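Only one structure is covered here, and it is reproduced in the block below.
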Amino acid sequence: MFAKAFRVKSNTAIKGSDRRKLRADVTTAFPTLGTDQVSELVPGKEELNIVKLYAYKGDAVTVYVSGGNPILFELEKNLYPTVYTLWSYPDLLPTFTTWPLVLEKLVGGADLMLPGLVMPPAGLPQVQKGDLCAISLVGNRAPVAIGVAAMSTAEMLTSGLKGRGFSVLHTYQDHLWRSGNKSSPPSIAPLALDSADLSEEKGSVQVDSTLQGDMRHMILEGEEENGEAHQACEEKSLSEAPEDTSTGGLNQDSTDSKTLQEQMDELLQQCFLHALKCRVKKADLPLLTSTFLGSHMFSCCPEGRQLDIKKSSYKKLSKFLQQMQQEQIIQVKELSKGVESIVAVDWKHPRITSFVIPEPSPTSQTIQEGSREQPYHPPDIKPLYCVPASMTLLFQESGHKKGSFLEGSEVRTIIINYAKKNDLVDADNKNLVKLDPILCDCILEKNEQHTVMKLPWDSLLTRCLEKLQPAYQVTFPGQEPIVKKGKICPIDITLAQRASNKKVTVVRNLEAYGLDPYSVAAILQQRCQASTTVTSAPGAKDSLQVQIQGNQVHHLGWLLLEEYQLPRKHIQGLEKAPKPGKKK
């Protein structure tokens, strides 16, 4: 379900009543959890968010996020735990075991086929068809996936362990897991095993070449039976698996020795120094601290990582910047009440001069929405003109008819050729064109047809273009041009006042420029540190609008102009950005 990127619709803090309801739903869905465990999973006062999203196949999913990690998700009124939750409560669901080699297929979207199961000494757990189950790897009881049993245990044994065993919903390393802190599974010893058995069990993970070949056969056989599973184009052995896709938590990254808070502190300092060294110029000062974070620091965050100040030891941007001021790297002042700005930067400070800019990855221009992972290139937008019925006679000699689309240069050439072909250029003044009956009918007003006999070239061409209908052509990279009548609507940015007297920024018409409103909302939510929603645009069929809490026009402008490289003429409302020293 989360093998590919999803689209975030909204992300809001949970209400007290919804928190109580969620706690009751968890108790009902997972009766083995005690009261204390339910309170631990769904805390009473800690931050808990409700994220509504659409999976890549269109399923509407509600995700509950606590401490930055997704802990539960709801699909069709059924509640499911994530792997983050199962690592804290490994006995929450009946658990089946498979080989590490299979995990790669599950992450890619394949279901778990019965030939890939490992038969434990005590036999398979007893489940019924439709039961929710966990899937772990040999040698580690920490679940790496959850799925729904496609048949009962008795039916599995009767089938000789052939066929589809589990419809997989969520896995370690999928996009739902990536939306959290991306930690690896903990190492949890299998139940009822002494040290000798455990050593033997762990040893079995190092599959010999013959067994690996058998496993490939079983996986591929399962993929053939699973119509939705992708075809495997290349098989990799365990020894060939990349370091960043370690399975079962047996191979952990070297950074795991540091706490998540320490890692976030390092990332915060890296983005800070990178932004000062490469993005901020003296002419930008004074610079709102919120703008510095949203428009400069976030864009310096390495691909695949997410900058979250709340997970650092500083907790707040102001506290971090105070520390940087104490180190005399920057100077921060409150230019107006409650609004801080960076007013000076010491670009000769050793920490800035010695900072080495990380090499960008080949996909560093990729749009990240926790959601969309494909390069964005602005479309080529070309104004065109459409021949109306009233102008048909003028253009038919050149082979064009009503409804033909022409560029401005083509119109100019056609008019010049028409005038020369019909000997309409004034013999005494080459800058004037005599008007024949066709030109009179096409470009003159009724009250001019008996008084205007000649026109200068520039006036003739201008009048002709004004009489043609406007149109435009949009060409996205690698796609066929799209031609439409009328003028392309600009991306429209407005500010609105809500009943609570709070401002919201509203942006419309993103789709016309190939931008996904859900992806833009997800990016702005992170950069602005504000809630975002995507709703239907009033009065526009099949069009969506993004709403962001507060005046976020500056962040929008930076995203559209600097990162997406859209021409300014196609964006209206940028002048509504807050002026330096004013509250949003």
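The values are calculated or read from the model by the stated rules, or taken from the named source; none is laboratory data. It should be emphasised that the depicted structure is a prediction, and the values quoted were computed from it without experimental measurement. Quick reminder, even Gly has a Cβ in these numbers, built from the backbone with ideal geometry, and neighbours come from all protein chains shown. In case anyone asks, the SASA skips ligands and DNA or RNA and just uses the protein heavy atoms, side chains included. Shrake-Rupley method; radii C 1.70, N 1.55, O 1.52, S 1.80 Å.
See the values below:
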{"read-out": "Members of segment 494-522 that are open to solvent by less than 10 Å² (accessible area, probe 1.4 Å) and out of contact with any Ser or Thr (no Cβ under 7 Å at 6 or more places or on another chain)", "value": "Thr505, Val507, Leu510, Tyr513, Leu515, Pro517, Val520"}
{"read-out": "In segment 378-405, the residues that are more than 14 Å from Leu468 (Cβ to Cβ), in a strand (DSSP E or B) and either without any contact (Cβ under 8 Å) to a residue 24 or more places away in the chain or open to solvent by 50 Å² or more (accessible area, probe 1.4 Å) (or both)", "value": "Asp380, Lys382"}
{"read-out": "Wholly enclosed strands (runs of 3 or more DSSP E) of segment 29-114 bearing at least 2 residues outside the structural domain of Ala521 (by the TED database) and within 27 Å of Asn11 (Cα to Cα)", "value": "48-54, 60-66, 69-75, 78-81"}
{"read-out": "Unmet criterion (only one of (1) open to solvent by less than 30 Å² (accessible area, probe 1.4 Å); (2) over 50 Å from the mean Cα position of the chain (by Cα)) for Ile491", "value": "(2)"}
{"read-out": "Boolean, Leu439 is open to solvent by less than 50 Å² (accessible area, probe 1.4 Å) and touching a Lys or Arg at 6+ places or on another chain (Cβ under 9 Å)", "value": "no"}
{"read-out": "Selection count, segment 115-146, where residues are within 21 Å of Ser183 (Cβ to Cβ) and part of a strand (DSSP E or B)", "value": "11"}
{"read-out": "Search result, residues across segment 112-135 that are buried (at least 23 other Cβ atoms within 10 Å of the Cβ) and within 17 Å of His170 (Cα to Cα)", "value": "Leu112, Met113, Ala134, Ile135"}
{"read-out": "Residue that is nearest to Val63 (Cα to Cα), among those in segment 150-167 that are open to solvent by 20 Å² or more (accessible area, probe 1.4 Å) and in contact (Cβ under 8 Å) with a residue 24 or more places away in the chain", "value": "Ser167"}
{"read-out": "Single unsatisfied condition, Asp18 versus (1) open to solvent by less than 20 Å² (accessible area, probe 1.4 Å); (2) touching a residue at least 24 places away in the same chain (Cβ under 8 Å)", "value": "(1)"}
{"read-out": "Test: Val51 is more than 25 Å from Ile309 (Cβ to Cβ), touching a residue at least 40 places away in the same chain (Cβ under 8 Å) and β-branched (Val, Ile, Thr)", "value": "no"}
{"read-out": "When residues of segment 521-559 are limited to those that are β-branched (Val, Ile, Thr) and in a strand (DSSP E or B), the one nearest to Asn509 (Cα to Cα)", "value": "Val546"}
